[in-house]
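Structure record follows, encoded as structure tokens.
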Amino acid sequence: APRPDLKQMSASSSGTHVRLLPRLLPLILAVKAMSLSSESMKITDLARYPVKGMGLSQLTSVYIDGPGETFPDDRRFALLKKSTASKKEFDSNNPEWLHKENFLCAFSAPEIMARYECRYRIVKSRTDVVMSHGEPWDVVGGGSSSNVDESEETKRLLTIWKRDEDGKSQMETAGPDLGPIDLAQGTGRDELASFFSSISGEEVVCVTAAESKQRHTHQFGNTRSGVKARGDTRTVHIINAETVKQFSDAIGIPLNPSRFRPNIVVEGMKPWAEFDLVGKSIAVKDGKDGRLVLDVVSTTVRCEGVGVDPLDKSAGVLPIPALLSKHFPQYGPYLGVYAVVREG
């Protein structure tokens, strides 16, 4: 089969769209005070997590619409515990970063959240709206959804399936347990909250920031790194597959990089070398004029939320932070790095 373009650049009124494609896209690093010319890095996987703590929505490509953006709708929604909401009312017009203990998520309910997988789509037919989006699921500016009314508002469609007892996907073999529901609408968010309140026995409310010209302005992430770096919650999480492999070898259990909930997985880099990128910048290029520049701002501290792998339940629950600290005391309990989009 013919290979697709590694990256496509297209001009827009707000800047440049950068298309990231897994497996084929080399990372050419422009790193301050550091030479990594010997590295041959490639992006192998792309993913977003539309609801904090829920399963990934894998992508084949991502369009990042300008500086400060993150992956389209990544952690745009969250299930806030009502016990927390009663103490401090969530202000959608002025959202603030909250610790993950306040949410029903992989940290507070890892085994519950690991039971479910999701498919998520952004559908927007109007061609005059510029916004970040991902393929193959999102439809922005016509495309295959030409039957959608041009005046129709953006839909943010979530569908949920429960995995079987072995943790295997049932997306293609069974009907969904919920959805599709439109999280752009209050009714859709209420349905999601009711679904997980019933399952968990914990009353939750689905929260999100008020929309601002279709942009994803608040991310319910696990880190304050973006806030500390530039007063913004939005970050991009990067995992080095070679680091995960070395960790796997040390504990004698195969681990999938997706366990660590990354947006980007890279390979072809030495184990733990991603930690040397903190405070530096990396540029994604394809030899053409455009590029995406990420400022790497911090390493990722791991919590018990990654103790359960929804894709492989055979390993059971693993104490990942303790294992990292035991086998790699010079690094543990950290694995992965956070970056912010400086140029796109």
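The values are calculated or read from the model by the stated rules, or taken from the named source; none is laboratory data. Predicted, not measured: the structure shown is a model, and the values here were computed from it. Every residue, glycine among them, receives a Cβ derived from its backbone with ideal geometry; neighbour counts consider all protein chains shown. Surface accessibility is based on the protein's heavy atoms, side chains included, excluding ligands, DNA and RNA. Shrake-Rupley method; radii C 1.70, N 1.55, O 1.52, S 1.80 Å.
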Output ordering of 188-196, 275-283 (per-residue mean of other Cβ within 10 Å, highest first) is 188-196, 275-283
With the 1.4 Å probe rolled over protein heavy atoms, the stretch 203-270 has an accessible area per residue in Å² of 39
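Cα-Cα over 22 Å: which of Lys52/Lys228; Lys81/Lys124; Lys100/Lys245; Lys124/Lys162; Lys52/Lys245?
Working: Lys52/Lys228 20 Å; Lys81/Lys124 31 Å; Lys100/Lys245 27 Å; Lys124/Lys162 28 Å; Lys52/Lys245 26 Å.
Checking Cα-Cα distances, Lys81/Lys124; Lys100/Lys245; Lys124/Lys162; Lys52/Lys245 exceed 22 Å.
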Across all Cα atoms of the stretch 201-260, Rg and the largest Cα-Cα distance (Dmax), in Å, are 16.9, 49
Applying the gyration tensor rule to the Cα atoms of the stretch 165-295 (axes a ≥ b ≥ c; rounded if a/c under 1.5, else prolate if a/b exceeds b/c, else oblate), the class is oblate
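Measure off, as a whole percent, the carbon and sulfur share of the 1.4 Å-probe accessible area of the stretch 237-281, all protein chains present. Intermediate results must be reported in sequence, preceding the final value.
Working: 790 of 1550 Å².
In the stretch 237-281, the share of accessible area belonging to carbon and sulfur is 51 percent.
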Each label sits 7 Å from Cα toward the beta-carbon; between Thr173 and Thr60 the label points are separated, in nm, by 2.4
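Would you mind telling me the share, in percent, of accessible area of the stretch 155-232 contributed by carbon and sulfur at probe 1.4 angstrom?
42
Ignoring ligands, DNA and RNA, how do Tyr331, Tyr338 rank by accessible area with a 1.4 Å probe, largest first? All intermediate terms of the calculation are to be shown ahead of the outcome.
Values: Tyr331 70, Tyr338 25 Å².
The ordering from most to least exposed comes out as Tyr331, Tyr338.
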Expected field for Val207, accessible surface area in Å² at 1.4 Å probe radius, rounded to 10, holds 10
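Normalized C-alpha radius of gyration of the stretch 234-311, against 2.2 N^0.38 Å?
Numbers: Rg = 13.9 Å, N = 78, 2.2 N^0.38 = 11.5 Å.
That ratio works out to 1.21.
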Once all protein chains are kept in place, Lys42 shows an accessible area at probe 1.4 Å, nearest 10 Å², of 80
